[in-house]
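Notes for the one structure printed next.
The values are calculated or read from the model by the stated rules, or taken from the named source; none is laboratory data. Keep in mind that this is a model prediction, so the values were computed, not measured. Quick reminder, even Gly has a Cβ in these numbers, built from the backbone with ideal geometry, and neighbours come from all protein chains shown. Surface accessibility is based on the protein's heavy atoms, side chains included, excluding ligands, DNA and RNA. Shrake-Rupley method; radii C 1.70, N 1.55, O 1.52, S 1.80 Å.
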Amino acid sequence: MSKIIVAIDGHSSCGKSTMAKALARAVGYIYVDTGAMYRCVTLYALRNRLIEQGRIYEFALLQHIRSGFIKISFQLDPETNLPLACLNGEVVEQEIRGMEVSNNVSPIAALPFVRTFLVAQQQAMGREKGIVMDGRDIATVVFPQAELKVFVTASAEVRAQRRFLELQEKGDTTTTFDEVLRNVQERDYIDSHREVAPLKPAEDSLILDNSNLTREQQNEWLLTQFHQRANQ
Ligand code: DC
């Protein structure tokens, strides 16, 4: 069976990373969460005061990128065998999933020079194929040649509910459901309306609305699609 590239795009909090991880584990592929990479740049910008009260100091951020100050990598978690996002060598999984990064990441991801910086790294990661990558522009920009392209979606309420439960499980008792819903809707708007690489399915993407599917059902669906493409 030859190795392929699996590109999974979709709205925020629609469960694409859960299904992408499950597929990668089932077939022994590398999994890359590109949202984590945009989140790392956002965390860097917040920590270095390159974003203050929603204002981005774009020129300064560009200089930091050009000077090689922002290094993003993934380290395998020895227990789960899943990749953990690292910013300049430090594991930052927890920080990049918090509300501060979530509230600031979309405008950072809309900056063309940030996208150029990260897309080049993502393309390099897929050179050998055998990769499952999830994001917003994987099928349209990063790997338009991917053998399997999936666009995942679900209603904003269903996605906010899932994200809300996730935050609660992590011990966040201050964020309300309405805040999460607003964040999901705002991110949808910015992600779909930005000028560079807006969120949209590629012409040949398979569309999956998982509002009414269980995790098992969607994993099974994806595995079936994978075997069809990988055996071609
Ligand atoms: O998937 P996520 O919620 O972790 O993504 C975080 C942000 O990064 C979100 O605003 C969309 C953006 N993003 C992007 O523009 N392109 C990608 N390939 C992945 C994420």
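Please specify each residue of the range 177-195 satisfying the condition of being surrounded by fewer than 15 Cβ atoms within 10 Å (Cβ to Cβ) and touching a residue at least 60 places away in the same chain (Cβ under 8 Å).
Once the filter is applied, which keeps residues that are surrounded by fewer than 15 Cβ atoms within 10 Å (Cβ to Cβ) and touching a residue at least 60 places away in the same chain (Cβ under 8 Å), the range 177-195 yields 186, 195.
With respect to residue 179, determine if the residue is more than 13 Å from the ligand (Cβ to nearest atom), among the acidic types (Asp, Glu) and either part of a helix (DSSP H, G or I) or within 18 Å of the chain's Cα centre (by Cα) (or both). Outline the logic, then answer.
Values: more than 13 Å from the ligand (Cβ to nearest atom): yes; among the acidic types (Asp, Glu): yes; either part of a helix (DSSP H, G or I) or within 18 Å of the chain's Cα centre (by Cα) (or both): yes.
The answer is yes for residue 179.
For the range 18-29, does any single residue satisfy the condition of being crowded, with 16+ Cβ neighbours inside 10 Å, within 9 Å of the ligand (Cβ to nearest atom) and over 18 Å from residue 139 (Cβ atoms)?
Among the residues of the range 18-29, not one is crowded, with 16+ Cβ neighbours inside 10 Å, within 9 Å of the ligand (Cβ to nearest atom) and over 18 Å from residue 139 (Cβ atoms), which makes the answer no.
What strands (runs of 3 or more DSSP E), lying completely within the range 68-138, carry at least 1 residues that are open to solvent by less than 30 Å² (accessible area, probe 1.4 Å) and out of contact with any helix residue (DSSP H, G or I) (no Cβ under 7 Å at 6 or more places or on another chain)?
Details: elements: 72-76, 83-87, 131-135.
Because the criterion is at least 1 residues that are open to solvent by less than 30 Å² (accessible area, probe 1.4 Å) and out of contact with any helix residue (DSSP H, G or I) (no Cβ under 7 Å at 6 or more places or on another chain), the strands (runs of 3 or more DSSP E) in the range 68-138 that meet it are 83-87.
Of the conditions (1) under 30 Å from residue 155 (Cα atoms); (2) modelled with pLDDT under 95; (3) of a type in the set (A, V, I, L, M, F, W, C), residue 76 fails just one. Which one is it?
(1)
Keeping to the range 201-222, report how many residues are touching a residue at least 60 places away in the same chain (Cβ under 8 Å), part of a helix (DSSP H, G or I) and under 16 Å from residue 9 (Cα atoms).
Qualifying residue count, the range 201-222: 3.
Restricting attention to the range 139-162, and to residues there that are polar (S, T, N, Q) and within 24 Å of residue 232 (Cβ to Cβ), which single residue is most open to solvent (accessible area, probe 1.4 Å)?
Of the residues in the range 139-162, the ones polar (S, T, N, Q) are 140, 145, 153, 155, 161.
Now narrow it down to the ones that are within 24 Å of residue 232 (Cβ to Cβ): 140, 145.
Values: 140: 44, 145: 110 Å².
Among those residues, the one meeting the criterion is 145.
Can you name the condition, by its number, that residue 50 falls short on among (1) more than 16 Å from the ligand (Cβ to nearest atom); (2) within 18 Å of the chain's Cα centre (by Cα); (3) buried (at least 21 other Cβ atoms within 10 Å of the Cβ)?
Single failed check for residue 50: (2).
Hey, any hits in the range 3-12 for a residue that's modelled with pLDDT of 95 or more and assigned to a helix (DSSP H, G or I)?
no
Could you run through the range 150-166 and say how many residues are over 14 Å from the mean Cα position of the chain (by Cα), outside any loop (DSSP other than H, G, I, E, B) and away from the ligand (no atom under 13 Å from the Cβ)?
6
For the structure I just gave you, tell me whether residue 226 is within 13 Å of the ligand (Cβ to nearest atom), among the aromatic types (Phe, Trp, Tyr) and either open to solvent by less than 40 Å² (accessible area, probe 1.4 Å) or closer than 18 Å to residue 6 by Cα (or both). It would help to see each step written out before you state the result.
Values: within 13 Å of the ligand (Cβ to nearest atom): no; among the aromatic types (Phe, Trp, Tyr): yes; either open to solvent by less than 40 Å² (accessible area, probe 1.4 Å) or closer than 18 Å to residue 6 by Cα (or both): yes.
Answer is no for this residue.
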